[in-house]
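Here the structure is laid out as structure tokens; the discussion comes afterwards.
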Amino acid sequence: MEITETTHNQVALLALAWGVSESEAVQRLVEHFQRSSTPKKSDQGGMIDVYALYEGVRIEGLYDPATESVTVTNGPAQGRYKSPSGAAAAVLRAQNPKVSASRNGWSFWIIAETGSRLQTIRH
């Protein structure tokens, strides 16, 4: 794929702002404009399977639409968190304590079934 230097610089700036690679920044932009259906509920009592990719590690979780909580089901940050952002911060602190743990959890978590960001089903 060929892009202009200006476009590359804009993607690089977004990646820096979001704390992700340039490839992940493009992926987020594409996902933002994709229309997806509401994901099916997991077999886990109405929860939705989600995951996050951070530093090449896939972290699994369950999102509860009723409480907007996220339960991290693998890795060192396992546990239930009151919000997607709380869960995202816990993952960042566990995976890389040197970086700021401040993240928007709605854009950090990905719906496993659709590949869309959790924010696409936020009410």
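The values are calculated or read from the model by the stated rules, or taken from the named source; none is laboratory data. Note that the structure is a prediction, hence the values are computed from the model and not measured. All Cβ positions, glycine included, derive from the backbone under ideal geometry; neighbour counts span all protein chains shown.
Points to keep in mind about this one:
- In region 104-123, the qualifying residues are those that are hydrophobic (A, V, I, L, M, F, W, C) and assigned to a loop (DSSP other than H, G, I, E, B), and the one that is modelled with the lowest pLDDT is A112.
- Restricting region 79-103 to residues that are modelled with pLDDT of 95 or more and part of a loop (DSSP other than H, G, I, E, B) leaves a set whose member that is nearest to R28 (Cα to Cα) is S83.
Rundown of residues vs (1) within 11 Å of the chain's Cα centre (by Cα); (2) small (G, A, S), yes/no style:
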position	(1), (2)
P76	no, no
S83	no, yes
G86	no, yes
L92	no, no
Q95	no, no
R103	yes, no
I111	yes, no
T114	no, no
Q119	yes, no
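- For region 72-88, a residue qualifies if it is closer than 17 Å to L118 by Cα and either in contact with a Ser or Thr (Cβ under 7 Å, 6 or more places away or on another chain) or among the polar types (S, T, N, Q) (or both), and the qualifying residues are T73, R80, Y81, K82, S83, S85.
- Residues that are surrounded by 14 or more Cβ atoms within 10 Å (Cβ to Cβ) and at pLDDT 90 or above are absent from region 15-32.
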